[in-house]
Structure formats: structure tokens, C-alpha cells
Amino acid sequence: MTTTTSNEPTLGDVIEKLDRLSTDVEKLSAEVEKLSTDVEKTNDKTDRFNDKFDNYQKATQWVVQLAFTLIASATITVIITSVLRK
């Protein structure tokens with residue numbers, strides 16, 4: 001009587017592999033949840049940065065506009081003063 005070893009997986013082997021797969025899926029699900037939370041936080045920070053940058057850009061435009069207005073007013077004042085003195 002000769003016994004041959006079967007290369008077929010046993011039911012125990014299949015159950016063990018399914019348990020490992022289940023554990024791996026649970027770990028991956030936890031990591032995906034953590035990454036989703038991180039992405040949400042990053043999006044919130046990006047939105048706040050964009051708001052701050054937009055405010056900075058508008059303020060800079062107002063300062064430039066004010067500077068040009070002051071320069072134009074001073075130039076007009078000098079021109080008018082020099083014309084009226086003659």
C-alpha cells in the first residue's frame with residue numbers, strides 16, 4: 001500500500017487563508033479610513049490657506065491702487081501749482 005500526498009489544500013488551509021485575508025482587509029480598511037481623515041484635514045487646511053491668500057491678494061491690490069492714486073494726486077498737485085504760479 002502506497003500513500004501519496006495530495007497537493008490539494010485542505011479545508012483547514014482554506015479557512016486559515018480566509019482568516020488571514022479577513023485580517024488584512026480589516027487592516028486595509030482602517031488605513032483607508034485614516035487616509036480619508038487625513039485628506040479631509042488637508043482639504044480644510046488648503047481651503048483656509050486659499051482664503052488667507054485671497055485676502056492677502058486683495059489687500060495688496062488695494063495698497064497698490066492707493067499708492068498709484070497718491071502718486072497721481074501728488075503729480076497733479078505739483079503740475080497745477082507750477083502752472084498757477086506763472
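Assuming charge only on the beta carbon of Lys and Arg (+1) and of Asp and Glu (-1), the dipole of the chain about its Cα centre is about 1440 debye to the nearest 20.
Charge tally around K52: other residues with Cβ under 14 Å, Lys/Arg +1 each, Asp/Glu -1 each, net -1. Local charge for P9 was computed over the other residues whose Cβ lies under 12 Å away, with Lys and Arg +1 and Asp and Glu -1, and equals -2. Taken over the alpha carbons of the chain as equal point scatterers, the Debye sum produces base-10 log I(q)/I(0) values at 0.15, 0.17 Å⁻¹ of -0.84, -0.91. The angle between the Cα long axis of helix 11-85 and the main principal axis of the chain comes to about 0°, on a 0 to 90 degree scale. Report the one residue of A72, F49, I15 whose Cα lies farthest in the direction of the positive end of the charge dipole of the chain (charges on C-beta: Lys and Arg +1, Asp and Glu -1; origin at the Cα centre). Farthest towards the positive end: A72.
FYI, it's all coordinate maths here, none of it is from the lab. What you see is a predicted model; the values in this text were computed from it and never measured. Neighbour counts are summed over all protein chains in view; Cβ atoms, including those assigned to glycine, are modelled from backbone coordinates with ideal geometry.
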